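Here's the structure we're looking at; comments come further down.
The values are calculated or read from the model by the stated rules, or taken from the named source; none is laboratory data. Everything numeric in this text was worked out from a predicted model, so none of it was measured. Here the Cβ positions follow ideal geometry from the backbone for every residue, glycine too, while neighbour counts run over all protein chains shown.
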Amino acid sequence: MNIEHIRSLFPVTNNAIYLNNASQSPLNLRVFDRLQNHLNRELNPVDKKGFNRDSIRVLLSKILGGSPDEYALVTSTGSGIGLVAQGVNLKKGDNIVVPEHEHWNNSFPWVQLKMKGVEIRFARLNEDNSIDLEAMEHLIDHNTRVLAIAAVRFNSGFRPDLATIGRMAHEKGALFVVDAAQAAGMIPIDVEKDQIDVLAGCGFKWLLGMHGTGFLYVSKRAIGMIDPILPGMFAAEHRYDELSLHHDSRKFETGTIAYALFDAWSEGLELILEVGVNNIYEKALANTDMLIDGLSEKGYKIVSGGTDNHLMVVDKIVSTTKNKQERSAILHFTTPSLETTKQLYKKLTKEKVLVTQQAENIRVSPNFFNTKDEISTFLSLI
């Protein structure tokens, strides 16, 4: 990985320290240039060529696994999960299992189903915000139709064992639905090895796209278990006065998408493939290792990444690889009070160090373009 070349693609690195990738990735020049070229063609559409929707499906399948025809193009994580929540054939007495305190995109679509008489069972978390697998397993029974979970929790950075949880769901005949908003493009995901039936994600975070881009993966195993609720012109064969749906994930596509944004997004996906998700993940862990050491030395409490027995701090002391599977590039730490957190956030913003404040916590989320010098500067300011 040529870090100087990588950084040259992200103009924000010229005048700020960007540690806010869990909020959104900064626009890179390859995506920007592709967008400009697309818009220029719109100005003079004489020789305009149609956008190849399948090109995005191919790139997504190379990053996340599965086959291109298992991917639908949607506008966001929430829209993808919402299509699935309304498309599953549910009846009174069925239940859905979701960890408590999930992101709203993976909570609201399921909670709404209470109106149909569906029971929503919230799986208890451990004190550190990690998932209590035993508690979750006890909630799953033969009336469980869906087990929905985030591949990386937005409010802690905890990374659950997807394959194990997927097997739990399948043993009871339930669909395994995964919110990949904070995972796709940052951690290695293989939809087949990880037992995933449905994977929904967005482009504007770790996948280096912009708002308005997203995907919905539905496996061949699950495709017949979910009906499309808003079939648009690309969901079926073009025949007048009848509906002949595609037999793959295209049937979930609701209509025309923002072609300019998706076309530009292809450059972000290509960049991820060139760098390699495994390399991105290793760089992310190296950055968070450094953050953990520095924060710990300064006495800050780290509130993400596992329990006190396998928190990232303990991982670092015992082994840099211990419980690596539970870690991500998202790290939260807390200050003594809400007021001190506000003051620290204000100071960092003034110094052009971009992070996120979440109540008493500061969320730091470095990416593969960040350097050790930037991490050192951040630590010197807190």
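Just a few scattered comments:
- All positions within the range 353-382 that are closer than 18 Å to GLU339 by Cβ and of a type in the set (Val, Ile, Thr): VAL355, THR356, ILE362, ILE382
- Any hit, the range 166-178, residues being among the basic types (Lys, Arg) and either assigned to a helix (DSSP H, G or I) or over 21 Å from the mean Cα position of the chain (by Cα) (or both): yes
Conditions (1) closer than 21 Å to GLU267 by Cα; (2) polar (S, T, N, Q), marked per residue:
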{"site": "ILE17", "(1), (2)": "no, no"}
{"site": "ASN28", "(1), (2)": "yes, yes"}
{"site": "GLN36", "(1), (2)": "yes, yes"}
{"site": "LEU39", "(1), (2)": "yes, no"}
{"site": "LYS48", "(1), (2)": "yes, no"}
{"site": "LEU64", "(1), (2)": "yes, no"}
{"site": "PRO68", "(1), (2)": "yes, no"}
{"site": "TYR71", "(1), (2)": "yes, no"}
{"site": "LEU83", "(1), (2)": "no, no"}
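- For ASN37: the one exception among (1) under 30 Å from SER328 (Cα atoms); (2) outside the structural domain of LYS352 (by TED's automatic domain parsing): (1)
- Every residue from the range 51-106 that is of a type in the set (A, V, I, L, M, F, W, C), farther than 18 Å from HIS246 by Cα and in contact with a Lys or Arg (Cβ under 9 Å, 6 or more places away or on another chain): LEU90, ILE96, VAL97, VAL98
- Residue that is nearest to GLY255 (Cα to Cα), among those in the range 41-91 that are among the hydrophobic types (A, V, I, L, M, F, W, C) and part of a loop (DSSP other than H, G, I, E, B): PHE51
- Among residues of the range 70-93 that are modelled with pLDDT of 95 or more, those with a beta-carbon under 6 Å from a residue that is among the β-branched types (Val, Ile, Thr) and surrounded by fewer than 19 Cβ atoms within 10 Å (Cβ to Cβ) at least six positions away or on a different chain give the pairs GLN86/ILE229; GLY87/ILE229.
- Residue identified as under 28 Å from SER156 (Cα atoms) and polar (S, T, N, Q) among SER67, SER61: SER61
- Number of positions in the range 63-82 that are out of contact with any helix residue (DSSP H, G or I) (no Cβ under 6 Å at 6 or more places or on another chain) and among the charged types (D, E, K, R): 1
- If you check GLY232, GLY224 for being assigned to a loop (DSSP other than H, G, I, E, B) and not hydroxyl-bearing (Ser, Thr, Tyr), only one passes: GLY232.
- Tally of residues being in contact with a strand residue (DSSP E or B) (Cβ under 7 Å, 6 or more places away or on another chain) and part of a loop (DSSP other than H, G, I, E, B) across the range 249-282: 2
- Across the range 357-382, the number of residues qualifying as crowded, with 18+ Cβ neighbours inside 10 Å and not in a loop (DSSP other than H, G, I, E, B) comes to 8.
- Single residue of the range 10-40 satisfying the filter (in a helix (DSSP H, G or I) and surrounded by 15 or more Cβ atoms within 10 Å (Cβ to Cβ)) that is farthest from the chain's Cα centre (by Cα): HIS38
- Boolean, TYR217 is hydroxyl-bearing (Ser, Thr, Tyr), in the same structural domain as ARG124 (by TED's automatic domain parsing) and assigned to a strand (DSSP E or B): yes
- Qualifying residue in the range 42-55 (condition: buried (at least 23 other Cβ atoms within 10 Å of the Cβ), in contact with a Ser or Thr (Cβ under 8 Å, 6 or more places away or on another chain) and in the same structural domain as PRO228 (by TED's automatic domain parsing)): no
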